[in-house]
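What follows is one structure encoded as structure tokens, with my remarks underneath.
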């Protein structure tokens, strides 16, 4: 396996940064997230980052096109294309799986989302294996292998003081070639994953939920929810968005930005009709979407067990507890 | 099990068995030992879920808004800050006193969840930041009471030690430095609205931030919209903030929201005389009425 | 040649093309029909009956509307003034440039309906999506059996498409049009009463029913249709939910695992029975 000392990673990023925008896990203002590598950036490689890589492909706020509207006149203008290849280093298996989920949403079922596709096509993904699950991690329960993710161009392995690389795709092989001089070929074994603190038994849950829309369980589960969007905004798979305009005089820009089924305005119609009027309907939709609707539509769960919502929910509305309640429900 | 927890469960059981309330809202153990999230108990046999420990952070009075149109009474446990939140809602006529049974529980000061997670179960875990400066650990209003009120001299000492040094540190900055400081904080705001949704002062039926179609605030996440959000929310809760610190605790981006709130509290104290929201239900709100002695330099 | 929405779909389905309003018809006090062409006088896209289009005044908003009819070089959308965008649309005049993208959604099962007698039931603005199928059946008159329209509105003034209801459609061979209003009013000598009761009274014997109207009308009409022994797959309706993208990505128009913008808006009773009642 080709390896490099962790202490030498900045050198490696530096080298790649000559040709690519290199996103790496970093700590900025106390929050860990993916950020373009630059000298002096504080790397965050010990555990997964709080903010998932989702926003690299699907930014929280994204400009879509410009327009000019004056009296009866209208002009619609595309934005100049973004260019340049980007490397995303250190994507954990849960987040690689989430990109697989996002690919399904944005690239399949008849319509291709051009904004997402463009960023996705310009990206090279380097996965990073996990050794010690964080205490809210439960990826293995959701069918994710913490040591090897799906869809990476290169899989990197945490070898303690070193990182090992294995090229998966042609793009990955090519990229590894560019940093070859920094790598050492040596025999290395990938350490086993330590025990998970949190687990979930998902077996049969999507099928069971088919008959649980009217189950009293939702009256109970929803009660402590505050209908904020912490869960959705730290989630690597939540992908709902709103489209809005920013207007200054005659000029405007259409933007899209993250939205969530927790918010009232999300489904409220212009005439006032609200198909999901309260906490119960919204909480139910969130978990149904993750555990039943998405599997029905795309044949995969919309939860990768990254544990971010468990860690950040203000009221500890824990999806593994919800799964357990669903399993136990009569 | 501590005596307090036993007592808690006894009272809850009695309330449910006698049918005095249909639901008792308290705290229960969550995913980890340092989490004690809200619990909703409907049946006497479920009261054993209830706990009282170092991590019962959630301000339960917020949930009373969900029961405004509920038949029958709701029973909730209140710490000092929860009771102030209750008073605030009562003062605004958001809830009815006789529809709520309050079970007061004096608070010893809760512990920091992040530090607990970091240091482990056997370590000496520091108090949560929001609890260090607490001046109202005892419930101000209750129907049932558990345990003993915290010694008054201790409470008085905390009052004496009222500390605005963090606010003063910001006040000494130049306008540009202040701007830079707050811009940096709110640049990372996700606008998830957890701060608003957990806040007992945020009790408007329709919130300005939900009315994006009207155009008061854009949905885009950028510096100017985020600042507008931060400032508007701070001004909206000015004079109403009961300093439970929940906004800052739940913020996933660790934004020092209480620093903004404290600045406004400090200014209100200075301009209109010392005021603690949610203490006196019958009193007038400092920003809710006009007094001919109000300062009016801005006129 | 200008780029059509069909081309845009291939490039970027979320970006509308520039189009113009060439005619506005005031249908009722709060419903207007807008005729829309591309800048070079072409049809913006060629929708199937029941399909949808995203219409925008970009500075104000963008919303999904059913296409009520199409001509050689334009499409028509009948729009009720209910919110910010629709109120603004009601203010515009002929010549206004708008953004448009589409077509979206599945549309009515025109082939399945071939050779069958069809009952169209509409209430208020609910006739708008159904009209596209009625117009299709009239254009291809020989392909379909007897056409029966039962339509109701609150008052005479609230009846949409009056010219069709009272002039054009009654002249179509083997087509009956029954119109009702909720309450008696001066100058109205037609039927008075609600749509569900009127359908029961008329007791038509079609093979397929297409209905669209306010939820309350649908709720009370379904038992009538069941009494008439319709099979679930022969009761067809079209739904409306809040939409933003129109292409099954933004999430909000889901009913269970279906997206109304993509898998709908047309559903049979058979399909709806398998979905959560969340619409």
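Values as computed for the structure displayed
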{"read-out": "Residue B:208 paired with residue A:150, simple spin-label distance in nm, labels 7 Å along Cα-to-beta-carbon", "value": "4.6"}
{"read-out": "Kirkwood-Stokes translational diffusion coefficient of segment A:186-328, alpha-carbon pairs, 10 °C, 1.306 mPa s, µm²/s", "value": "92"}
{"read-out": "Over 35 Å [Cα-Cα, the protein assembly as shown], rounded percent", "value": "59"}
{"read-out": "Cβ-Cβ FRET estimate between residue A:324 and residue C:188, R0 fixed at 41 Å, reported to 0.05", "value": "0.10"}
{"read-out": "Segment residue B:45-residue B:6, length gained on full extension (0.36 nm per residue, minus Cα span)", "value": "12.7 nm"}
{"read-out": "10 Å Cβ neighbours from other chains, averaged over peptide B:120-129", "value": "0"}
{"read-out": "Most to least packed among C:185-191, A:193-199 [average Cβ atoms within 10 Å]", "value": "A:193-199, C:185-191"}
{"read-out": "Efficiency of FRET between residue A:21 and residue B:224 - r from beta-carbon atoms, R0 35 angstrom, step 0.05", "value": "0.85"}
{"read-out": "Average beta carbon contacts from partner chains per residue of C:255-268, 10 Å cutoff", "value": "2"}
{"read-out": "Ranked packing of C:53-59, A:130-136, most packed first, by mean Cβ within 10 Å", "value": "C:53-59, A:130-136"}
{"read-out": "Average Cα contact separation per residue, segment A:2-328, under 8 Å, 6 or more apart, as relative contact order %", "value": "21"}
{"read-out": "Relative contact order for chain C, counting Cα pairs under 8 Å that sit 6 or more residues apart, in percent", "value": "17"}
{"read-out": "Rg in Å to one decimal, and Dmax rounded to a whole Å, for chain B via C-alpha atoms", "value": "19.9, 62"}
{"read-out": "Residue with peak Gaussian network fluctuation, chain A [Cα springs, cutoff 10 Å], from A:112, A:150, A:87", "value": "A:112"}
{"read-out": "Burial ordering of A:108, C:209, A:304, fewest other beta-carbon atoms within 10 Å first", "value": "A:108, C:209, A:304"}
{"read-out": "10 Å Cβ neighbours from other chains, averaged over peptide A:254-261", "value": "6"}
{"read-out": "Extension gain, residue A:38 back to residue A:180 (0.36 nm per residue minus Cα-Cα distance, nm)", "value": "49.0 nm"}
{"read-out": "Chain B: angle of helix B:223-237 to the longest principal axis, Cα-based, in degrees nearest 10", "value": "60"}
{"read-out": "Cα gyration tensor shape for segment A:2-328, rounded if a/c is under 1.5, else prolate or oblate", "value": "oblate"}
{"read-out": "Euclidean distance between Cα centres, segment C:13-81 to segment A:46-96, Å", "value": "30"}
{"read-out": "Cα centroid of segment C:165-229 to Cα centroid of segment B:184-256, whole Å", "value": "50"}
{"read-out": "Cβ-Cβ FRET estimate between residue B:145 and residue B:266, R0 fixed at 41 Å, reported to 0.05", "value": "0.80"}
{"read-out": "Packing rank of C:43-49, C:168-174, B:291-297, where each peptide gets the mean count of other beta carbons within 10 Å, highest leading", "value": "C:43-49, C:168-174, B:291-297"}
{"read-out": "Fraction of antiparallel bridges per DSSP, chain C only, in percent to nearest 5", "value": "60"}
{"read-out": "Ascending count of other beta-carbon atoms within 10 Å, so fewest first, for C:231, A:97, B:73", "value": "C:231, B:73, A:97"}
{"read-out": "Relative contact order computed over segment B:165-272 (Cα-Cα under 8 Å; 6+ residues apart), in percent", "value": "32"}
{"read-out": "GNM top mover of A:79, A:12, A:43 - chain A, alpha-carbon springs below 10 Å", "value": "A:79"}
{"read-out": "Rounded to 10°, Cα long-axis angle of helix B:3-17 versus longest principal axis of chain B", "value": "80"}
{"read-out": "Principal-axis tilt of helix B:257-272 within chain B, Cα atoms, nearest 10 degrees", "value": "70"}
{"read-out": "Residue-averaged [θ]222 nm for the protein assembly as shown, counting only DSSP H segments that reach four residues, each worth -39500 (n - 2.57)", "value": "-8000 deg cm²/dmol"}
{"read-out": "Candidates C:227, C:162, C:80: whichever shows maximal mean-square fluctuation once chain C is modelled as a Gaussian network with Cα springs under 10 Å", "value": "C:227"}
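Coordinate-derived values only; no laboratory data. Quantities reported herein were computed from a predicted structural model and do not represent experimental measurements. Here Cβ is always computed from backbone atoms with ideal geometry, including for glycine, and neighbour counts include all displayed protein chains.
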